[in-house]
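One structure is given here, and the rest of the page talks about it.
The values are calculated or read from the model by the stated rules, or taken from the named source; none is laboratory data. Note that the structure is a prediction, hence the values are computed from the model and not measured. Cβ: placed from backbone, ideal geometry, glycine included. Neighbour counts: every protein chain shown.
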Amino acid sequence: MSDRTSPYSPIDPRGWRLAMGLRPLDLAAWLEVDEHRDAELALKRQLLANAFDVVVATRPAGHEASLELLDEVRANLALHHPDVATGPSLDEHPVVAASRLVQEDLCVLVRDDEWRLAAACVCFPSRWNLATKIGTTLDQIHDTVPYYDEQLAAPTRSVFDRLGPERSFWRLNWTLIDSSTLHQPTAARRSPEGDLAQWFFRVERQTIRQLPETRAVVFTIHNYVTSAQQMCDVEPDFAALLLHSLDTAPERTLEYKGWHGVADRLRLVLEERGHGRGP
Ligand code: HEM
């Protein structure tokens, strides 16, 4: 899945920082369809056949909202991607049926005392494990993320409470990782070894929208994985921006991301190539 260039390159030129980075979402752009659709849907079918319990987790509280999600996915594809075939669904949980139709991973959150993950089909996790997150709150889902508690927990809860069917958002997360494999369900914080050709720039395009009937929130994640070498080839500033982020990330973030020693390795590679200066 690495023979593409990411359509998104969200490295902040000011250096590493945690940010909400929410932008208003036009529902015409809720789901993205690209030339990797057939391959990614085939991979989903394979994972659903062979690793169902790793990629799907549901609670009864998420069932009704998942039915609404399936309807919304079908309607959205029919309206905005009419060339994409959707066919009849199998007799299975609606979050799974919906997920088979799109490249995105799908998470349904329902509010009781707090917003909780109530149903999800996540075939392409970026080193996290769905079974440990199902039924938990936004804060608990993120308790592994350095500085989330101090910097993002309150604003994220507040955004969820202020969503509406006409008020949706999207945001980007990125990481540097040592594998182009989309399905990475274990939290191995390995540092990328070797050279730019063996490193991958992994961008998650995430959307957050509230369904009009059940008022559940749907969180979608679309992964774009590109070789770091390719990013450098197509984006002249990429290496310098990446190096600046690695240099400014705090210790706990380096640990969480598996980035220890990566800045020094990147600096060496860039010096050998004669363009190592940060912005
Ligand atoms: C405004 C909403 C949200 C914000 C600002 C946010 C922010 C973040 C950030 C900054 C990270 C760290 C990623 C990294 O640096 O590699 C993260 C990780 C994660 N987020 Fe969110 N997130 C949001 C909503 C959600 C929702 C709704 C879910 C529901 C499933 C979710 C699930 C996760 C998971 C599973 C991880 C990985 C945690 C781990 O490594 O154990 N996020 N999020």
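Couple of notes before you dig in:
- Some residue of segment 135-154 being near the ligand (Cβ under 10 Å from one of its atoms), in contact (Cβ under 8 Å) with a residue 60 or more places away in the chain, farther than 16 Å from Ala187 by Cα and of a type in the set (Val, Ile, Thr): no
- Hits in segment 84-128 - residues which are more than 11 Å from the ligand (Cβ to nearest atom), over 19 Å from Arg205 (Cβ atoms) and small (Gly, Ala, Ser): Ala85, Gly87, Ser89, Ala97
- Sub-6 Å Cβ pairs linking a first residue in segment 38-54 that is touching a residue at least 40 places away in the same chain (Cβ under 8 Å) to a second residue that is surrounded by 17 or more Cβ atoms within 10 Å (Cβ to Cβ) and part of a helix (DSSP H, G or I), at least 6 apart or interchain, are Leu47/Val55, ordered by first then second residue.
- The residue of segment 198-216 that is modelled with the lowest pLDDT, among those that are more than 14 Å from the ligand (Cβ to nearest atom) and closer than 21 Å to Leu254 by Cα, is Gln198.
- In segment 257-279, of all residues being within 23 Å of the chain's Cα centre (by Cα) and crowded, with 19+ Cβ neighbours inside 10 Å, the one that is farthest from Pro146 (Cα to Cα) corresponds to Val262.
- Residue in segment 232-239 that is more than 14 Å from the ligand (Cβ to nearest atom) and assigned to a strand (DSSP E or B) present: no
- Meets criteria (part of a helix (DSSP H, G or I) and modelled with pLDDT of 95 or more) for Val95: yes
- Close pairs (7 angstrom Cβ cut-off, 6 or more residues apart or separate chains): farther than 10 Å from Val96 by Cα and in contact (Cβ under 8 Å) with a residue 12 or more places away in the chain in segment 110-124, assigned to a loop (DSSP other than H, G, I, E, B) and within 12 Å of the ligand (Cβ to nearest atom) anywhere: Val110/Ala216; Arg116/Gly135; Arg116/Thr136; Leu117/Lys133; Leu117/Ile134; Leu117/Gly135; Leu117/Thr136
- Positions within segment 22-46 being over 15 Å from Val122 (Cα atoms) and in a helix (DSSP H, G or I), in sequence order: Leu27, Ala28, Ala29, Arg37, Asp38, Ala39
- Helices (runs of 4 or more DSSP H) contained entirely in segment 100-211, each with at least 2 residues that are among the polar types (S, T, N, Q): 153-162
- In this entry, Ala131 passes the filter for residues that are more than 9 Å from the ligand (Cβ to nearest atom), exposed (fewer than 14 other Cβ atoms within 10 Å of the Cβ) and closer than 25 Å to Val56 by Cβ.
- The number of residues in segment 47-77 that are farther than 10 Å from Cys123 by Cα, surrounded by fewer than 19 Cβ atoms within 10 Å (Cβ to Cβ) and under 21 Å from the mean Cα position of the chain (by Cα) comes to 2.
- Single unsatisfied condition, Ser6 versus (1) buried (at least 17 other Cβ atoms within 10 Å of the Cβ); (2) of a type outside the set (D, E, K, R); (3) away from the ligand (no atom under 16 Å from the Cβ): (3)
- Here Phe219 meets the list (1) part of a loop (DSSP other than H, G, I, E, B); (2) within 10 Å of the ligand (Cβ to nearest atom) almost entirely, failing just condition (1).
- Residue, farthest from the ligand (Cβ to nearest atom), within segment 240-260, restricted to residues that are outside any helix (DSSP H, G or I) and either at pLDDT 95 or above or closer than 30 Å to Leu69 by Cβ (or both): Pro250
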